[in-house]
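Note sheet for the following structure.
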Amino acid sequence: MPLTYAGSGVDIDAADAAIDAMRELVASTTNRPGVLGTIGGFGGLFALPGGYREPVLVSGTDGVGTKMAVAEAVGRFDTVGIDLVAMCVDDLVCCGAEPLFFLDYQLHGRIDPEQVRQLMSGIAAGCRTAGCAILGGELAEHPGLIRPGEVDLAGFAVGIVERDRLLDGPAHTVAGDVLIGLASPGLRSNGYSLARAALLDRAGRALDGPAWTGASVSLADELLRPSVIYTPAVLDVLAEVEVHAVAHITGGGLPGNLPRVLATSVDAVVHRDRWRVPRIFDEVQAAGSVSDEEMVRVFNLGIGMVLVLPPSSVDGAVRGLDAAGHEPAVIGELVTGERRVRLV
């Protein structure tokens, strides 16, 4: 029998069917001005918007980590695409940039058009929320490298900001600045290797069981809770009040991310009693006997984004964030120091 590509594990027909299944989802994001062409070309085309005096492009890339292992275990892929977009665009806005377009890379052990459609439904939903267009992507099938049913995602986003509106926290943060934290209701997309080891491996919890005693959602529901996309609300605040820095709190938590936007002459003092830590973090800590120090280093503990701003901007920022449906809290302040984060 002659050997074929399908016989060696790569199904071109399935890939074509998957692309057909995503066309409408991609189109739902392309009403943004600047998009040129359609899906299927060799490159995504985007015309830079006018009205900028000195535009700067800002780019970023990220993935969803081992949160994908939970999605695979329960066969639910419709929300992880939202996480993928959030991880990318919420980095861009830390530079003050408005996202323009997004590209994804999907690596499959075996392409299943329905699985691809679910993944793309989340990516499209995230892009609509963030206000950016899906401009292209790559759908790859690697038999022998990963098993059928397994998939990994990467995302790439490009945004734009006026050069004199670029956020450069280390150049502008000063003692006396105030920290506003935005609530993150779940694990977001960070620390899942530890969370899975604690809840599933050590504690033997079932994904289809309750998230905790008396919970109205399953553990899978809680672990697949999609990430909040903060970008539109943060952009609105940047347009209205003075902001010195924005920090996306991802892997490394507050101690690992806040210093990235601090001047060398200041410390961030964060008051842990000023926001509610979601229950899922307590469950992970108890199941794995995880130390407080390790929890703080790995997880955001319920704060997904931090704005650093002068006291005069606080009331306006809180009003704008409230109006956008977020839960802002004044969680701390900057004091004279050495670019450290002090949790008190």
Given the conditions (1) surrounded by 13 or more Cβ atoms within 10 Å (Cβ to Cβ); (2) among the hydrophobic types (A, V, I, L, M, F, W, C); (3) touching an Asp or Glu at 6+ places or on another chain (Cβ under 8 Å), and given that LEU25 satisfies all but one, which numbered condition is not satisfied? (3)
Would you point out which residue out of GLY137, GLY122 is modelled with pLDDT of 95 or more and closer than 25 Å to LEU45 by Cα? GLY122
In the set SER312, SER265, the lone residue that is touching a strand residue (DSSP E or B) at 6+ places or on another chain (Cβ under 8 Å) and within 20 Å of HIS172 (Cβ to Cβ) is SER265
Could you look through the range 186-206, keep only residues that are buried (at least 16 other Cβ atoms within 10 Å of the Cβ) and not in a loop (DSSP other than H, G, I, E, B), and pick out the one that is nearest to the chain's Cα centre (by Cα)? TYR192
Can you name the residue in the range 161-185 that is part of a helix (DSSP H, G or I) and small (Gly, Ala, Ser) and, of all such residues, is surrounded by the most Cβ atoms within 10 Å (Cβ to Cβ)? GLY169
How many residues, within the range 71-88, are in contact with a Ser or Thr (Cβ under 8 Å, 6 or more places away or on another chain), over 19 Å from ILE111 (Cβ atoms) and either open to solvent by 10 Å² or more (accessible area, probe 1.4 Å) or not aliphatic (A, V, I, L, M) (or both)? 3
Out of all the residues in the range 90-100, is one or more part of a helix (DSSP H, G or I), closer than 19 Å to ALA140 by Cα and acidic (Asp, Glu)? no
In the range 216-247, how many are part of a loop (DSSP other than H, G, I, E, B) and touching a residue at least 40 places away in the same chain (Cβ under 8 Å)? 11
Give the residues of the range 40-70 that are in a loop (DSSP other than H, G, I, E, B), buried (at least 16 other Cβ atoms within 10 Å of the Cβ) and more than 17 Å from the chain's Cα centre (by Cα), sorted by residue number. GLY44
So which pairs qualify, if the first residue must be in the range 52-64 and more than 18 Å from THR231 (Cα to Cα), the second must be open to solvent by 80 Å² or more (accessible area, probe 1.4 Å), the Cβ gap must be under 9 Å, and the two must be at least 6 apart or on different chains? TYR52/ARG163; ARG53/ARG163; ARG53/ASP164; GLU54/ARG163; GLU54/ASP164; PRO55/LEU48; PRO55/ARG163
So, ALA124, is that one of a type in the set (A, V, I, L, M), in a loop (DSSP other than H, G, I, E, B) and either under 24 Å from ARG23 (Cβ atoms) or out of contact with any Pro (no Cβ under 7 Å at 6 or more places or on another chain) (or both) or not? no
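The values are calculated or read from the model by the stated rules, or taken from the named source; none is laboratory data. Source: prediction; values computed, not measured. With ideal geometry, Cβ positions are generated from the backbone for all residues, glycine too; neighbour counts draw on all protein chains shown. For accessibility, only protein heavy atoms count, side chains too; no ligands or nucleic acids. Shrake-Rupley method; radii C 1.70, N 1.55, O 1.52, S 1.80 Å.
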